[in-house]
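To keep things clear, I will list the structure first and then write my remarks on it.
Laboratory data are not the source of any read-out in this text; all were calculated from the coordinates shown. The model shown is predicted, which means the values in this text are computed figures rather than measured ones. Cβ coordinates were reconstructed from backbone atoms using ideal geometry, including for glycine residues, and neighbour counts include every protein chain displayed.
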């Protein structure tokens, strides 16, 4: 979702629709092999990130709920959901500590080996 959509409170509707429409043609067997990333448009390359708590709520209440609707609870619980909005060493621990954030989709920070290695080290803790 865009920053304007986020500020207007439309995140739930937009993300749920994207997940549901994007994965509608998959069987539960195919769905069980997925790794899904939530990456808000407003966080791509901007240095802005959702708070870990907000990202966790979106993962749990919107993305995971849409996956349950598509594939059932058992399959949905097996699907890893990554956060992909400006993950960096300064915020990685906060994201990784959340119950419904299974990892990070690292973009710009992956271009610098030392920065990426630091995120990997934080994830391993």
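Annotations for the structure displayed:
- Segment residue 7-residue 90, extension gain: residue separation times 0.36 nm, minus the distance between their alpha carbons: 27.5 nm
- The chain: calculated mean residue ellipticity at 222 nm from DSSP helix runs of at least 4, using -39500 (n - 2.57): -13000 deg cm²/dmol
- Rounded to the nearest 10 degrees, the angle from helix 11-23 to the longest Cα principal axis of the chain is 70 degrees.
- Placing R0 at 41 angstrom, the Cβ-Cβ distance between residue 111 and residue 20 gives a FRET efficiency of 0.80 after rounding to 0.05.
- Potential extension, residue 124-residue 48 segment - 0.36 nm per residue separation minus Cα distance: 25.0 nm
- For the residues 88, 112, 78, a GNM of the chain with alpha-carbon springs under 10 Å puts the largest fluctuation on 112.
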